[in-house]
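A.B. asks: Supplied in structure tokens, the structure appears directly below.
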Amino acid sequence: MPHNYRQEVFNVLLAQILQEQGIISAPEDVLRISPDSTRKMPDVLVDYNGLRTAIEGEVDDQQDYSKRAIKSAQKRVELGIAHVGIAIIYPSTLRKHEFDRLKKELKACELRIAVITENGSTSYSQGTIQQLGESLRRAFDELIKEDVVLKAVSTLESGIEQFAGIIVKQSGTSARLAEILGIKELPQREKPKLEEEE
């Protein structure tokens, strides 16, 4: 008889497996699960190589499961909750297993996986948890290549330049800022006198 496991149950079990395999690290409260969880559980946020990573899963017997998983993962990245979002589609066949077998079945089953980062998202690909680890490694490498940090610095510098341009046009602002920051005008140096030739 099929069980009505929520997708959050699968998300937590997936995080447990990924941690056991040394792919991610997760806080203890994220890894706690019970088979009869009926209330919505908190987001599964884990750490992958220092990047906050959100696992957003749907089961393939739900309406619009494919779009919903991607949309949820994208939202986590867009809102800055996570650097990486993993959209996972779990096969509904997992629901037929007893809870104590779920983890073993999840390790062996085929999943649909998409990875979302600040640089964009991949389309779904079919694979096991091992392929998920590979997808995360590729996404991490892409982030390093694209150097998101440099883009962020460039955006920050642009903002500072715009702010400075606005401030300069405001009369008195420079003097007030200088006073607050303790910046004083340097005293004028006297020019050395040249000795007159005899």
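A.B. asks: Might you let me know whether the range 120-142 holds any residue that is assigned to a helix (DSSP H, G or I) and of a type in the set (Lys, Arg)?
C.D. replies: Yes, the range 120-142 has at least one match.
A.B. asks: Taking the range 108-141, which residues are out of contact with any helix residue (DSSP H, G or I) (no Cβ under 6 Å at 6 or more places or on another chain), hydroxyl-bearing (Ser, Thr, Tyr) and surrounded by 13 or more Cβ atoms within 10 Å (Cβ to Cβ)?
C.D. replies: SER121, THR122, TYR124, SER125, THR128, SER135
A.B. asks: Further question on the same structure: Does THR128 satisfy the criteria of being of a type in the set (S, T, N, Q) and in contact with a Gly (Cβ under 9 Å, 6 or more places away or on another chain)?
C.D. replies: no
A.B. asks: Please verify whether the range 9-27 includes one or more residues that are modelled with pLDDT under 85 and either buried (at least 17 other Cβ atoms within 10 Å of the Cβ) or in contact with a Leu (Cβ under 9 Å, 6 or more places away or on another chain) (or both).
C.D. replies: Checked against the condition, which is being modelled with pLDDT under 85 and either buried (at least 17 other Cβ atoms within 10 Å of the Cβ) or in contact with a Leu (Cβ under 9 Å, 6 or more places away or on another chain) (or both), the range 9-27 yields at least one hit.
A.B. asks: Tell me the residue from ILE180, ILE167, ILE144 that is surrounded by 10 or more Cβ atoms within 10 Å (Cβ to Cβ) and over 30 Å from ILE116 (Cα atoms), please.
C.D. replies: After ruling out the rest, the residue left standing is ILE167.
A.B. asks: Quick check on my filter: what residues within the range 28-43 are open to solvent by less than 80 Å² (accessible area, probe 1.4 Å) and either at pLDDT 65 or above or of a type in the set (A, V, I, L, M, F, W, C) (or both)?
C.D. replies: The answer is VAL30, LEU31, ILE33, MET41, ASP43.
A.B. asks: Quick check: anything in the range 153-168 under 30 Å from GLY120 (Cα atoms), of a type in the set (D, E, K, R) and modelled with pLDDT of 70 or more?
C.D. replies: Yes, the range 153-168 contains a residue that is under 30 Å from GLY120 (Cα atoms), of a type in the set (D, E, K, R) and modelled with pLDDT of 70 or more.
A.B. asks: Mind listing whichever residues of the range 67-107 are surrounded by fewer than 21 Cβ atoms within 10 Å (Cβ to Cβ) and not in a helix (DSSP H, G or I)?
C.D. replies: LEU79, GLY80, ILE81, PRO91, HIS97, GLU98
The values are calculated or read from the model by the stated rules, or taken from the named source; none is laboratory data. This structure is a prediction, so every number in the text was calculated from the model and none was measured. Note that we place each Cβ from the backbone using ideal geometry, even for glycine, and neighbour counts take in every protein chain shown. All accessible areas refer to the heavy atoms of the entire protein, side chains included, with ligands and DNA or RNA removed. Shrake-Rupley method; radii C 1.70, N 1.55, O 1.52, S 1.80 Å.
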